[in-house]
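Q: Pasting in a structure now, in structure tokens, and then I'll have a few things to ask.
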Amino acid sequence: MKYTYAELAKMIDHALLQPQMTDAEIKAGCEMAAQYHIASVCLKPYSVKDGAKWLAGSDVMVGCVIGFPHGNSSTESKRYETELAIQDGAVEIDMVANLGKAMSGDWDYVVADIKAVCDEAHQHGVKVKVIFENDFITDDDVKIKLCEASAKAGADWVKTSTGYGFVKQPDGAYNYLGATEHDVKLMRAHSPEHVQVKASGGVRDLDALILIRDLGATRCGTSSTKQMLDEYLRREVAGETESQRGKLGGGY
């Protein structure tokens, strides 16, 4: 294979974010994450304490979403939510940027909003990913300026999507793309080297995971972890060395 198991597994932030998930389902997800030796689990704030307990002694980090999923909390709410998540055991933070402010051109607010979370996290040695929710943004210039604002504020990653940015279509139905090749390339090109890129939403199989790595992403948010890594192991046993053309699009 083009990449080792560890190289791909340590890209994965396993998403345990569905609003209806039971405690038993979240625990099972954490146990699976430990079994497959992935990078992290991405949890809702109330489940961080339990997640940290379930993953104690493993090589899987605990992450927490902040201002999720729409980024509309006040800056102080996001900062305090970050403080609490870290107290409960989170070592990575995935915060949602304020898109209304970004699309209004209020970049001072956007930078300050992100910086408050980064400053709170970094004083505890915790890293921050800033979620753009690109399905809501039709102007690439706004995405580029969000990359610049995130870097200025101290972000460690920029991230494409929450997995829940469904957009109403002309027929009244809702649709969602999540990570796209275009956006991963754009965000990598317009972020400084020290700011990494995370692709989330629509990365649901091994070939898509390989594709986003090829495009420059270092992390992937997905709930298809087991399927991806089982496929890697199947191909390894079968001696298959080539990947297929990956395809992105549509939720976790």
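Q: Consider Q244 carefully, then state whether it is modelled with pLDDT under 90 and exposed (fewer than 14 other Cβ atoms within 10 Å of the Cβ).
A: yes
Q: Would you check which residues across the stretch 161-181 are surrounded by fewer than 19 Cβ atoms within 10 Å (Cβ to Cβ), among the small types (G, A, S) and under 21 Å from K145 (Cα atoms) and list them?
A: none
Q: Another one. I'm checking my understanding of the structure. Among residues of the stretch 182-206 that are charged (D, E, K, R) and surrounded by fewer than 17 Cβ atoms within 10 Å (Cβ to Cβ), which one is farthest from D230 (Cα to Cα)?
A: It comes out as E193.
Q: Please verify whether the stretch 7-15 includes one or more residues that are of a type in the set (K, R), at pLDDT 95 or above and under 18 Å from the mean Cα position of the chain (by Cα).
A: Yes: the stretch 7-15 contains one or more residues that are of a type in the set (K, R), at pLDDT 95 or above and under 18 Å from the mean Cα position of the chain (by Cα).
Q: Here is a list of conditions, (1) farther than 25 Å from V158 by Cβ; (2) touching a strand residue (DSSP E or B) at 6+ places or on another chain (Cβ under 9 Å), and R213 meets all of them except one; can you say which number that is?
A: So R213 meets the others, but not (1).
Q: What's the number of the condition I26 fails, among (1) hydrophobic (A, V, I, L, M, F, W, C); (2) farther than 29 Å from I137 by Cα; (3) part of a loop (DSSP other than H, G, I, E, B)?
A: Looking at each condition in turn, I26 falls short on (3).
Q: While we're here: Residue pairs, Cβ under 8 Å, 6 or more apart or interchain, first in the stretch 216-235 and in contact (Cβ under 8 Å) with a residue 12 or more places away in the chain and in a helix (DSSP H, G or I), second surrounded by fewer than 19 Cβ atoms within 10 Å (Cβ to Cβ) and among the acidic types (D, E). List them.
A: Matching pairs, first to second residue: Q227/D205; M228/D205; E231/D205.
The values are calculated or read from the model by the stated rules, or taken from the named source; none is laboratory data. Remember, predicted model here, so these are calculated numbers, not experimental data. Reconstructed Cβ throughout: ideal geometry from the backbone, glycine too, with neighbour counts over all protein chains shown.
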